[in-house]
Structures are given as structure tokens and as C-alpha cells.
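Step one of this worksheet: look at the structure below.
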Amino acid sequence: MQKILTGNESAAWGAMCAMAQVVSAYPITPQTTIIEELANLVAKGMLKAEFIKVESEHSAMAGCIGAQAAGARTFTATSAQGLALMHEMLHWAALGRLPVVMANVNRAMAPGWSIWTDQNDSLAQRDTGWLQYYCESNQEVLDTVIQAYKVAEAVDLPVMLVLDAFFLSHTYEAVDIPGQERTLGYLPPYKPSIYLDVNEPHAFGGIVPQDVYMEFRYKMQLAMDQALEEADKADEEFNRMFGRGYGLIERYHSDDAETILVTAGTATSTARVVIDDLRARGRSVGLLKIRLFRPFPAQLVREALAGCRRVAVLDRNICVGMGGIFAQEIRSALYHQPPERRPHIHGYIVGLGGRDIIPEVIEQIADDAEKRTVDDGRMIWIGLKD
Amino acid sequence: MAMHYKDFLRIDHMPHMWCPGCGIGIIVKAMLRAIQTVEWPINDIAVISGIGCTSRAPGYLDMNTLHTTHGRALTFATGIKLMRPDKHVVVISGDGDAAAIGGNHLVHSCRRNIDITLIIVNNNIYGMTGGQCSPTTPLGAKAATSPWGNADPPFDISSLCKGAGATYVARGHVGSGVQLERLIRGGLNHKGFAVIEVLSNCHTQFGRRNKLSDPIELINNIVAKTVNVRQAAKMSREELAGKYPVGLLHQDEEREEYYEAYKKVIQLAEAALKR
Ligand SMILES: Cc1ncc(C[n+]2csc(CCOP(=O)(O)OP(=O)(O)O)c2C)c(N)n1
Ligand code: SF4
């Protein structure tokens, strides 16, 4: 079935196809319509799920954790301040090894108050032990929700998929909806390995002494390593069944390019147009899209960037005091490469607080990178007003 | 006293974002009149808010203002008041901001009896985010999160605050700006935690879903549910069902204000250290 859906509706339809059993959520702009669409789907009888009305995002995630621990497949969604408020519970879900799936609509953090997109909200949760996918289109949002459950439940870790505020959350596209029956062939019902079972009681959340805590963390790391393989498998299997695959990264005209731009989220679509245009004018440029950010697909990134001379990373985020976060990750992934496989890496800060990343801006970045002869590791701010 | 609203407003921030006919405007005007009549130097007042349609008010006020995070205005305000106990702190909050996400801070501010004046705009809904249930949405009412009618019993905010220890509790409504001004002034003059709950109309998000989308009609509907406290005192429980007593509901000038009590602890500690 095809429908014209917004990015937010696509997230809701994804959760519907995956037959989420419990939705626990709190409204925040620009996430609200995800939950409203889920309420519609439940009201129409298309999804059988319990909806928990809560008093804050902290309680929303706690509700998911409780339901998931009781053996249910859960879903929630939030944005910016809401995600920040969830922080304690994000750790809980991950360390509790509960495969909750959540959509986060990328919105800039306050103050000054903004409802527009940037990546600082989700990237600030980088170290909580959640997997993170960055989506580029509404179809990718829907498909990623379904893939997310597959991967999450295979490794017992929670997954966050991220979509840009307004550029994706509130714009319409034709979206193919696999439906529950076909999805069931890909994603079987949730069978937790351990849960609060009346027949076989378990205790969650106990105190862990110094001599075992580290081992818990180590097991999480092993699960993250495995998640990389599972994510790849989940995408391939999805492609076989539904004819759509995205990869963990995507290389666009990058194999022979001297300059490779790196993007995540909706800036990728704009960058593709710019690459086509620059290529038509004879410029040796390509694109690398990062779809999976945690676990970081370091080896794939190394291979994608090995042959080029320079990399221009577009960071719609800023780690104040250090620079763009995607640029940092790529630098550290490439550090151990021999010099001939280690291109210059230029980090660009762009599009914060929803400032539009238009083709001219991306072209300006490509021009700037091509002119640079030294790799000084400095952050470069694009489009700053005096 | 002639009222010059412009002296209190950031006119360059107009037009405001509120829907035509929204009750928040009536409430802000009543608050400004009350502030003018207590005759405090304007720079001695800080107005704090959380997030929501109501909480946008400080953005339009030409005074010391702090627009904080959803539900936490009272905690920011407590910090300000303890740093500058000689100054005046006013908080303006929606029912969701104050009683849902911020409910914890509400009851603890009441318990401490800190000298802050809190105005709660109770429009029975989350206005800003598009009409989801709040803790004051009536049973059976429709909201974006209750398309089949709300099943969660609502709070009586004024009773909650009285029970939690607030020493000035009043309820007004947008049908009477004059009464509201008087109740807010009483709260400003009170030394201790003062709560003024204001029954207000959100015709856009609450009214639209509940056959009351016309602001006047919704305001009339609110007014019809109110009964003066003095009259309420003579009414039976049955007669009062579904009614909201309005006026000054509770006042206690005896209980010690939080900073006054805190000062004594400081003095004790200082004396002990000197010994
Ligand atoms: C942590 C957090 N969660 C959610 C939101 C989204 N949000 C903004 S206003 C609001 C509710 C507003 O309702 P209310 O407090 O009753 O005020 P009103 O808009 O009705 O005046 C919500 C949920 C937010 N800003 N921050
Ligand atoms: S949505 Fe409701 S509370 Fe917000 S401005 Fe409009 S009428 Fe007022």
C-alpha cells in the first residue's frame, strides 16, 4: 500500500507495521504528530496497543522500560528538551538491556528557544548505549523503525532513529507501507530472553558490586559489536523482502572522488543534487552519508574515505570546545590509517537551529575544502553573520 | 490610578502569538494592574515562566524575566528568591506546566511556603502542543490524547495547593478581570507562597474538541460553573458538585515564610561557629 505521509506519520506507521504493543509518550513540538497518528491508528483499530499518558518524558521512557521488562514491544518518540529530560532513563533502558525503539525528531536545544532542527539533542545522548540511525526520507523513517526492532531485539539494546524537525517531520512524501502481515514475515513477534515472568520470576535493577559492574559494561560493548553485524543483516534482509535497502553508510560518487562530503539526515538529499551538479561541471566530488551513527561503522567509513584527498564533514551540531561531532568521530576512525589512506579532514559547522542548508551553502563548503592545503583540525563555521 | 500597559510591555515584540480571544491576555492585564497598584519599583520584580502558551507571557513584559524549561519555573524562581530575598518573584504557569511535568515542584513550593506568587492559568488542556490531556482535563472531555473522552480524574489545583501548605490560595476566572486583579494583588502582598488559579479559555484546543469553539461561549460556560466562595460556604456537597468556588479560598498569615525560617538556621549555625 502507498500513502502520502509526513515523516512523523511515517514513524507512526512504522510502529504500526511492527505491531508495537505499548506506546508511552509525552507531547513536544515537533514530535507531537507521531503520537497523534499512533492514536489515530489505534482509534481506527489498525493497531492494538496500550497508550500510557504520562507527566513528562522521564516518565514516558520509564513507562516503556516497565512495559518492555514485562515482555511487551514498546515505542515512544520525543525531541530536544524531552530527550534531554529522558537522559537518566536512556541509560536505564540500555544498561537494563531492553530493546525499546524511539523516534527522536532532531530539534535545537534551548535557550534561546528554537523548535527548528539540529543534531545536538540526539548527539548529546551518544554515550548512553543506544543505537542511533539518522534518516533522510520519510520512507527511510518508516523502514528504519521496522529494522530498528529487528536489530534491537537481536542484541537486547535500545534503538533511536532520528529525523530532522520540519524538513522531514512535517513534509509529505509518497511512502510504501509493508503492512503488518508482510512485516511479520520479516520481524517475528517479540520474544524476550528474560522478562518479568510470573512463572519464572527475575529481579531487574539490582545493586552490582565493583567486581562485576565492568563485566556488565563489557557485555554491552560486545552487544554493540554484534549490533553492527545485525544492522547490516537486517538491512540486507529488508532489501530482499521489500526491495529497499540503505546500507549503514551510503557512498555516492565517492569511489573516484578527490573530495568527499559527509552528511547525515536531510542535508544528504541536498548534497546529492550538488554533487550531480559539480560532477557535471567536471569537479571530482563525492558524498558519504552516515546512516548508522552508533555503533559507529568505522571500518566502512575507512574504506569509503581511503582513496580521496580530502573530506569535508557537514556537522549540523557543535560540541562547544571541540568542534563538529561527526568530524571528530571520522578523525578518530581514520587515525590509525597509514598516511596514504588518511585524507585531510575539514570540519564544517553549518545549519544550527534550523538554518537552511541550501545547495549554495554545500557548494561553498566544497569550494572551501578544495582550496585548503593543510589539515589544521580547526572548525570552520559556515554562514555566520557579523 | 491610570493604567499605562505600554509601560510594562515590550511593544516591539507584538503582535503576540496568542489566538484571538484567548484568556491569557485578560490574565496578563489583570496581573499588570495588580503589579502597578502595589507600587513596587518595576526593576525589583522578576517574572518567571516555564513553557507553554501561558509561559510566553514574560516574553512580552518589559521587566526582569526568565523563560525557563517546561515544568521547572518554580525551581528557577526559588533560586532567584533565595539569592535576592528582598525582591519580588512572580511565576506564571499553565496547568500542565504547573501540575503535570512540574507537579512535584508545585507541592514542594507550597510545603516550604516560600514568598513567591504563582499564577496558574488553568485552561484544562496543553494549549501549546495541540490539545493533549492535562491533569485538569475534566472526566469525559475530548482531547488529542483522549479522542473517546478522558478517563483520568482531574486535580482540583486550589485544593491541592491548600493541602500541600500554600498560605494564600485564590481562584479567579477570565470572566471577571476586576476580581482577578484583586486576587492577584492579595497574592503579591502576601508574605508566603501564594497561588492564584485562574480558570481560562483555550477555545482553540479545548473548546474546539468539546463543542465550545467560540471564545465567548467557552468563557460563559466557565463563568456558569463558578460560585462565589461566600455563597459556596452555604451550599451542600451535592449542590457544589461540578462547581468551582471563586474568590479567596484560603489565607494563613501566621505560618512562617521559608526564608525567615532559613535565616534562623543561618544565625544558629553562625553562632555555633563563633563559639
Ligand atoms: C521537557 C519538555 N517536554 C515537553 C515540552 C513540550 N511542551 C511545550 S508546552 C507543553 C504543554 C503546555 O500546556 P500548559 O502547561 O497547560 O500551558 P498552555 O499552553 O495551555 O498555556 C508541552 C508539553 C517541552 N517544552 N519540554
Ligand atoms: S492555543 Fe489555547 S491557550 Fe494557546 S493561545 Fe490559543 S487559545 Fe490560548
When (1) buried (at least 24 other Cβ atoms within 10 Å of the Cβ); (2) in contact with a Ser or Thr (Cβ under 7 Å, 6 or more places away or on another chain); (3) at pLDDT below 95; (4) β-branched (Val, Ile, Thr) are applied to A:Thr32, the one that fails is (3)
A:Thr32 fails exactly one of (1) within 12 Å of chain B (Cβ to nearest Cβ); (2) more than 16 Å from ligand 2 (Cβ to nearest atom), namely (2)
B:Lys29: passes all of (1) surrounded by fewer than 23 Cβ atoms within 10 Å (Cβ to Cβ); (2) farther than 20 Å from B:Leu188 by Cα but (2)
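Kindly establish whether A:Ala11 is more than 9 Å from chain B (Cβ to nearest Cβ), part of a helix (DSSP H, G or I) and modelled with pLDDT of 95 or more. Walk me through how you get there before you give the answer.
Values: more than 9 Å from chain B (Cβ to nearest Cβ): yes; part of a helix (DSSP H, G or I): yes; modelled with pLDDT of 95 or more: yes.
Yes; evaluated as a whole, the condition is true for this residue.
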So, first residue among the hydroxyl-bearing types (Ser, Thr, Tyr) in region B:56-73, second residue near ligand 1 (Cβ under 9 Å from one of its atoms) and open to solvent by 30 Å² or more (accessible area, probe 1.4 Å), Cβ within less than 8 Å, six or more apart or across chains; the pairs are B:Thr68/B:Ile51; B:Thr69/A:Gln81; B:Thr69/B:Ile51
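What helices (runs of 4 or more DSSP H), lying completely within region A:52-133, carry at least 1 residues that are within 14 Å of chain B (Cβ to nearest Cβ) and more than 14 Å from the chain's Cα centre (by Cα)? So that I can check it myself, show each step before the final result.
On the way: elements: A:57-69, A:80-85, A:87-95, A:120-123.
Those helices (runs of 4 or more DSSP H) span A:57-69, A:80-85, A:87-95.
For region B:39-63, give me each residue that is open to solvent by less than 10 Å² (accessible area, probe 1.4 Å) and in a helix (DSSP H, G or I).
Looking only at region B:39-63, we keep the residues that are open to solvent by less than 10 Å² (accessible area, probe 1.4 Å), and these are B:45, B:47-50, B:54-55, B:57-58, B:61.
Passing the criteria: B:Thr54, B:Ser55, B:Ala57, B:Pro58.
Can you tell me which residue in region B:43-88 is nearest to the other protein chains (Cβ to nearest Cβ), limited to those that are within 16 Å of ligand 2 (Cβ to nearest atom) and of a type in the set (A, V, I, L, M, F, W, C)? It would help to see each step written out before you state the result.
Start the filter on region B:43-88 by keeping residues that are within 16 Å of ligand 2 (Cβ to nearest atom), which leaves B:49-60, B:67, B:70.
Those still in the list that are of a type in the set (A, V, I, L, M, F, W, C) too: B:51, B:53, B:57.
On the way: B:Ile51: 8, B:Cys53: 12, B:Ala57: 14 Å.
For region B:43-88, the residue satisfying everything is B:Ile51.
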Result of the Cβ filter at 6 Å on region B:115-127, keeping first residues that are in contact (Cβ under 8 Å) with a residue 24 or more places away in the chain and partners that are more than 8 Å from ligand 1 (Cβ to nearest atom) and acidic (Asp, Glu), at least 6 apart or interchain, is B:Asp115/B:Glu257; B:Ile120/B:Glu197; B:Asn122/B:Glu197
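Need a quick list: strands (runs of 3 or more DSSP E) entirely within region B:160-275 having at least 1 residues that are under 19 Å from B:Ile119 (Cα atoms), touching a Pro at 6+ places or on another chain (Cβ under 6 Å) and open to solvent by 20 Å² or more (accessible area, probe 1.4 Å).
Values: elements: B:168-173, B:194-199, B:226-228, B:244-251.
By residue number, no strands (runs of 3 or more DSSP E) qualify.
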The residue that is farthest from ligand 1 (Cβ to nearest atom), considering only those in region A:26-38 that are under 19 Å from the mean Cα position of the chain (by Cα) and not hydroxyl-bearing (Ser, Thr, Tyr), is A:Ile34
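Looking at A:Tyr172, A:Tyr190 in this structure, which one is in contact with a Pro (Cβ under 9 Å, 6 or more places away or on another chain) and open to solvent by 10 Å² or more (accessible area, probe 1.4 Å)? So that I can check it myself, show each step before the final result.
Working: A:Tyr172 fails: in contact with a Pro (Cβ under 9 Å, 6 or more places away or on another chain).
The unique qualifying residue is A:Tyr190.
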Restricting attention to region B:92-113, the residues that are in a helix (DSSP H, G or I), in contact with a Ser or Thr (Cβ under 7 Å, 6 or more places away or on another chain) and either at pLDDT below 95 or within 16 Å of ligand 2 (Cβ to nearest atom) (or both) number exactly 4
Of the listed residues (B:Ala144, B:Ala151), the one being within 16 Å of ligand 2 (Cβ to nearest atom) and within 14 Å of chain A (Cβ to nearest Cβ) is B:Ala144
Note on B:Met31: of the conditions (1) away from ligand 2 (no atom under 16 Å from the Cβ); (2) more than 14 Å from every other protein chain (Cβ to nearest Cβ); (3) in a helix (DSSP H, G or I), unmet is (1)
Here the residues within region A:317-370 that are open to solvent by 20 Å² or more (accessible area, probe 1.4 Å) and assigned to a strand (DSSP E or B) are A:Cys319, A:His344
Residue hits (region B:203-233; within 14 Å of ligand 2 (Cβ to nearest atom) and touching a helix residue (DSSP H, G or I) at 6+ places or on another chain (Cβ under 8 Å)) are B:His203, B:Phe206, B:Gly207, B:Leu212, B:Ser213, B:Asp214, B:Pro215, B:Glu217, B:Leu218
Selection over region B:215-256 where residues are closer than 24 Å to B:Trp18 by Cβ and among the aliphatic types (A, V, I, L, M) yields a count of 7
For B:Gln36, the lone unmet condition from (1) farther than 19 Å from B:Thr117 by Cα; (2) open to solvent by less than 70 Å² (accessible area, probe 1.4 Å); (3) away from ligand 2 (no atom under 16 Å from the Cβ); (4) of a type outside the set (Phe, Trp, Tyr) is (1)
Of all strands (runs of 3 or more DSSP E) fully inside region A:200-308, the set with 1 or more residues that are over 20 Å from A:Gln132 (Cα atoms) is A:249-252, A:259-263, A:285-290
When every residue in region B:101-141 that is within 15 Å of ligand 1 (Cβ to nearest atom), more than 23 Å from B:Gly177 (Cβ to Cβ) and among the small types (Gly, Ala, Ser) is compared, the one farthest from the other protein chains (Cβ to nearest Cβ) is B:Ala141
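The values are calculated or read from the model by the stated rules, or taken from the named source; none is laboratory data. Values in this document were obtained by computation on a predicted structure and should not be read as measured data. Every residue, glycine among them, receives a Cβ derived from its backbone with ideal geometry; neighbour counts consider all protein chains shown. Heads up: the accessible areas ignore ligands, DNA and RNA and are worked out on the full protein's heavy atoms, side chains in. Shrake-Rupley method; radii C 1.70, N 1.55, O 1.52, S 1.80 Å.
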